[in-house]
Structure formats: C-alpha cells, structure tokens
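Engineer: Below: one structure in structure tokens.
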Amino acid sequence: MEIVTEIQKLKRAHNAVILAHNYQLPEVQDIADFVGDSLGLSIQAAGTDARVIVFCGVYFMAETAKILSPQKTVLIPDKDAGCPMADMIDAEQVRALKKANPQAKVLCYVNTTAEVKAECDLCCTSANAVSMVRDVLKNEKYIIFVPDQHLADHVTQQTGQEFIAWKGFCPTHVKILPEHILRQKELHPEALVIVHPECTRGVRALADRVLSTEAMCSFAREVQVRELIVGTEIGVLHKMRAENSDKVFYAATEHAVCPNMKMTTLEKVLWSLQEMRHEIILPQETIYRAKQCIRRMLEYRA
Ligand code: SF4
C-alpha cells in the first residue's frame with residue numbers, strides 16, 4: 001500500500017500518466033490510468049495533458065508512445081523489457097528485404113522497433129491487419145510483412161493475399177498448442193474459444209473467434225455465453241475477470257506467460273517516477289519517419 005500511495009503522489013507531482021499493457025502483472029494494471037493494447041494506450045496518452053508517460057510494457061511500446069508524443073517525457077520502468085518478436089528483425093534486415101523486392105510495399109506489425117517502423121510504408125495492429133490489407137493495400141501485388149509469420153498467415157487465410165513474410169514469431173503465443181485447446185474444450189464443453197492471431201494455424205483452426213486482445217475484452221463483455229477459453233498471454237484474464245464477474249475465463253494454458261511483460265513491478269514503477277528513468281530517447285529523424293508509417297494507419301482508422 002505504501003508503494004501505491006507513493007506512486008500516486010509522485011504521479012501527481014510530475015503530472016504523469018501510467019499506462020499498462022493488458023499482459024502486465026495484475027498489481028501493475030491496478031495502479032495504471034489506462035490498461036489496453038500498445039497502440040490504443042499510446043493514442044490515449046497523446047490525448048492527455050500529462051507531461052510524463054510511464055509505459056508499463058515492453059520497449060517498442062514505449063517507443064511508440066514517444067513517436068506519438070515526442071514533446072512528452074516517456075519512461076519505461078525496466079529498460080531490459082524487450083519484445084523477443086520485435087527484436088527478430090532490425091532496420092538493416094528490412095532494407096535488405098526492400099532491396100531484394102523493390103516493387104513491394106512494406107507492412108509492419110506495430111510490434112516492431114522504432115527504427116524498423118522508420119523503414120516501412122505502413123503499420124498495422126492485430127485488430128486491423130486484415131482490413132488494412134483488404135482495403136488499403138488491395139491494389140498491391142507484392143507486400144512484405146514483418147515480423148510475425150503467424151499474423152501474416154492469418155491475414156492470408158482471411159484475404160487470400162500472399163506475403164513476403166518474415167519468419168518472426170511470438171515465443172509466448174507459440175507455446176499455446178492445439179492439444180491445450182482440445183483439453184480445455186473437453187473440460188468445458190459449453191465454453192467458446194477465443195485466440196490471438198499470433199497463435200499458430202493449428203490453434204487458430206480450433207477457435208470460435210480469432211481476436212486482438214482489445215477485441216477479446218470487448219467480445220467477453222458482449223457475448224451471451226458464460227464460459228470462455230482464452231488463447232493469449234494470461235495477463236489479459238485479470239482485466240476480463242474484473243470486467244465480467246458473471247463469467248468464467250479459462251486460460252488455454254497457464255504456460256502462456258511472457259516473461260518480458262512480467263519484468264515491470266510496482267517497485268520499478270516507483271523508482272521510475274522517483275528518478276525519472278529510463279527515458280526513451282529517439283533520433284528526430286527516426287521519430288519523423290516512424291510517425292509517417294503509423295500516421296498512414298491512423299488515417300485509415302479515422
Ligand atoms: S507476448 Fe509476445 S509479442 Fe507480446 S511482448 Fe511478449 S514476446 Fe512480444
């Protein structure tokens with residue numbers, strides 16, 4: 001309680017806003033001003049008059065917040081909390097892909113570093129990847145998609161569009177196996193199955209819906225069934241349970257834990273505000289170019 005009180009005091013003193021991704025530890029989600037997906041949080045923070053953003057998530061998320069709010073101080077409580085999938089491709093590898101496929105547009109998942117975004121034409125989220133390809137890129141014959149091969153495969157299944165796809169993957173979502181879903185279905189035959197598009201094709205094939213984390217939360221609120229089997233990082237269950245006390249949620253597997261997402265603790269949030277660390281610093285040019293990539297997606301959403 002003392003830590004929470006101290007965090008709230010420092011937050012007011014610094015005019016800070018605390019953001020927590022859906023996969024953060026429950027106690028971190030509970031002290032946040034906003035809990036959600038990475039892009040939604042960055043957009044929300046940009047719309048506040050806060051001077052400081054504390055991003056409880058992984059590094060590329062804090063970078064995205066900085067890109068959208070370059071005038072604000074953006075802090076990440078643990079600078080070593082990276083995203084292994086985002087780190088599976090760097091800017092040089094994107095440049096090499098572009099050189100080998102000069103006629104292709106480059107679409108990147110929001111789970112990429114700022115310097116990768118700066119090399120890409122367009123950004124997407126797991127929520128809008130299908131519609132971006134169907135609507136915005138419908139006239140493109142060649143599209144490079146980075147970094148998640150499973151999201152790319154999902155979009156191909158939905159749209160028929162083939163990609164020059166990077167072979168990245170989320171080490172947490174690929175831990176969810178078809179047998180986990182089958183086992184949970186056997187135990188809970190009335191339950192609907194919702195899974196994230198970063199899951200493998202075999203897992204997605206067993207789902208009633210393939211949804212982004214935010215879409216999962218909306219679906220959980222609106223659907224008229226009482227039980228849901230959830231195939232994504234287990235942190236999201238905290239929010240779902242808090243918002244739906246009349247429903248029961250089962251993790252597809254308790255092994256779907258992203259260790260990087262769990263690196264942020266209340267103590268680190270406190271130290272972050274006490275010492276104004278660790279500040280996200282990006283070159284102006286990277287901010288400018290990465291913003292173009294995100295802006296093209298936001299224009300489509302608007
Ligand atoms: S859950 Fe997967 S995509 Fe999300 S931060 Fe962890 S490794 Fe990256």
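The values are calculated or read from the model by the stated rules, or taken from the named source; none is laboratory data. Being a predicted model, the structure only gives us computed values, none of them experimental. Note: ideal-geometry Cβ built from the backbone for every residue, glycine included; neighbour counts use all protein chains shown. What goes into the accessible areas is simple: the full protein's heavy atoms, side chains included, and nothing from ligands, DNA or RNA. Shrake-Rupley method; radii C 1.70, N 1.55, O 1.52, S 1.80 Å.
Engineer: What accessible area, in Å² to the nearest ten, does a 1.4 Å probe give for Phe145?
Structural biologist: For Phe145, solvent-accessible area is about 0 Å².
Engineer: Roughly speaking, to the nearest percent, how much of the chain's 1.4 Å accessible area is carbon and sulfur?
Structural biologist: That share works out to 50 percent.
Engineer: Moving on to the next point. Given Cβ point charges of +1 (Lys, Arg) and -1 (Asp, Glu) and nothing else, what value in debye, to the nearest 20, does the dipole of the chain about its Cα centre take?
Structural biologist: Approximately 700 debye in magnitude.
Engineer: Would you mind putting 119-130, 87-98, 43-54 in packing order, based on average other-beta-carbon counts within 10 Å, highest first?
Structural biologist: My ranking of the peptides, most packed first, is 119-130, 43-54, 87-98.
Engineer: Sequence gap at least 6, Cα distance under 8 Å: using those rules, report the relative contact order of the chain to the nearest whole percent.
Structural biologist: About 23 percent, as a whole number.
Engineer: Oh, and also: Provide the packing ranking of 175-181, 150-156, 60-66, 270-276, i.e. peptides ordered by the mean count of other C-beta atoms within 10 Å per residue, highest first.
Structural biologist: 60-66, 150-156, 175-181, 270-276
Engineer: Taking every Cα atom in segment 1-158, find the radius of gyration and the maximum pairwise distance Dmax, and write them in Å.
Structural biologist: 17.4, 58
Engineer: Another question, then. Hey, any idea what the orientation-averaged projected area of the convex hull of segment 77-170's Cα atoms comes to, in nm²?
Structural biologist: 6.0
Engineer: Going out from 0 in 10 Å bins, what whole percent of all Cα-Cα distances in segment 173-251 drops into each bin?
Structural biologist: P(r) over segment 173-251, rounded to whole percents: 20, 59, 21, 0.
Engineer: Here is a further query. Exceeding 23 Å between C-alpha atoms, which entries from my cross-link table qualify? They are Lys79/Lys117; Lys9/Lys72; Lys72/Lys105; Lys66/Lys167; Lys99/Lys175.
Structural biologist: With Cα atoms farther than 23 Å apart: Lys72/Lys105; Lys66/Lys167; Lys99/Lys175.
Engineer: Using a 1.4 angstrom probe and counting only protein chains, how large is the accessible area of Lys141 in Å², to 10?
Structural biologist: Its heavy atoms expose roughly 150 Å² to the probe.
Engineer: If you roll a 1.4 Å probe over the heavy atoms of the protein chains, what accessible area per residue do you get for the chain, in Å²?
Structural biologist: Value for the chain: 44 Å² per residue.
Engineer: Let me ask another. Let me test this: with uniform point scatterers at the alpha carbons of the chain, what is the Debye-based log₁₀ I(q)/I(0) at q = 0.14, 0.15 1/Å?
Structural biologist: Values, matching the q order: -1.06, -1.19.
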